[in-house]
């Protein structure tokens, strides 16, 4: 019989909850991005068509970097407003990926804090050409903020899909929906970095 899992301390619970929310929101956004690429490859909405199934197979096996690279390559031949929307989406997604990877893969401890509340602790070492240490303390609010950005991006992707796919929908609409204004994206992630062997 496995032993009973002990109750988490409060300062750990809030960080774990935030990371779990971010993981779920990221997965949903990644799925929407793959659907976005599938539309460009095969815009027909009939999911029983062989072309749609083949597209799904190819896109599902691509890594997320490959998906954004493919979208940018396809956008180069699109109309300017579509190109701008796609490039905004892929840039937004790349920025969120930096935060998601840093928070999900690098937080390996938690600590209470009287001023900022519970904190996730990041202390990582890498030696890719130079010995580098990243050291950060991340609040649950910072993690939740990136999770909210995932939701915002996912909504924008769907709005752009609705705009692009208007002519393929089986129902008749009075007018094509407007291409939405792109949402504000976060700044690129800046790590607190120390180069340990530099004088």
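FYI, it's all coordinate maths here, none of it is from the lab. Just so it is clear, the structure is predicted and the values come from calculations on it, not from any experiment. Note: ideal-geometry Cβ built from the backbone for every residue, glycine included; neighbour counts use all protein chains shown.
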Does anyone have the angle between helix 140-164 and the longest principal axis of the chain? Alpha-carbon axes, 0 to 90°, nearest 10?
10 degrees
So the angle from the long Cα axis of helix 80-106 to the longest Cα principal axis of the chain, reported in degrees to the nearest 10, equals 20 degrees
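Using alpha-carbon pairs under 8 Å, 6+ residues apart, how would you state the relative contact order of the range 10-195 in percent? Could you put the intermediate results ahead of the total?
Numbers: 214 pairs, mean separation 53.5, N = 186.
29 percent.
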From fewest to most C-beta neighbours within 10 Å, the residues 28, 188, 97 line up as 188, 28, 97
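Given the alpha-carbon gyration tensor of the chain, what are the semi-axes of its equivalent ellipsoid in whole angstrom, ordered largest first, with each equal to the square root of 5 times an eigenvalue?
Numbers: eigenvalues 284, 84, 59 Å².
Equivalent ellipsoid of the chain: 38, 20, 17 Å, largest first.
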Helix-derived mean residue ellipticity, 222 nm - over the chain, DSSP H n ≥ 4, -39500 (n - 2.57), to 500:
-18500 deg cm²/dmol
If you take the beta carbon distance between residue 84 and residue 162 as r and set R0 to 22 Å, what does 1/(1 + (r/R0)^6) give as a FRET efficiency, to the nearest 0.05?
0.85
Inter-part distance where the range 175-199 and the range 61-103 are each reduced to a Cα centre, Å
13 Å
Have a look at the range 90-199 and give its Rg and Dmax from the Cα atoms, expressed in angstrom.
19.9, 68
How tilted is helix 10-41 with respect to the longest principal axis of the chain? Cα atoms for both, answer in degrees (0 to 90, nearest 10).
20 degrees
For a quick check: sort 184, 153 by the number of other beta carbons within 10 angstrom, fewest at the front.
184, 153
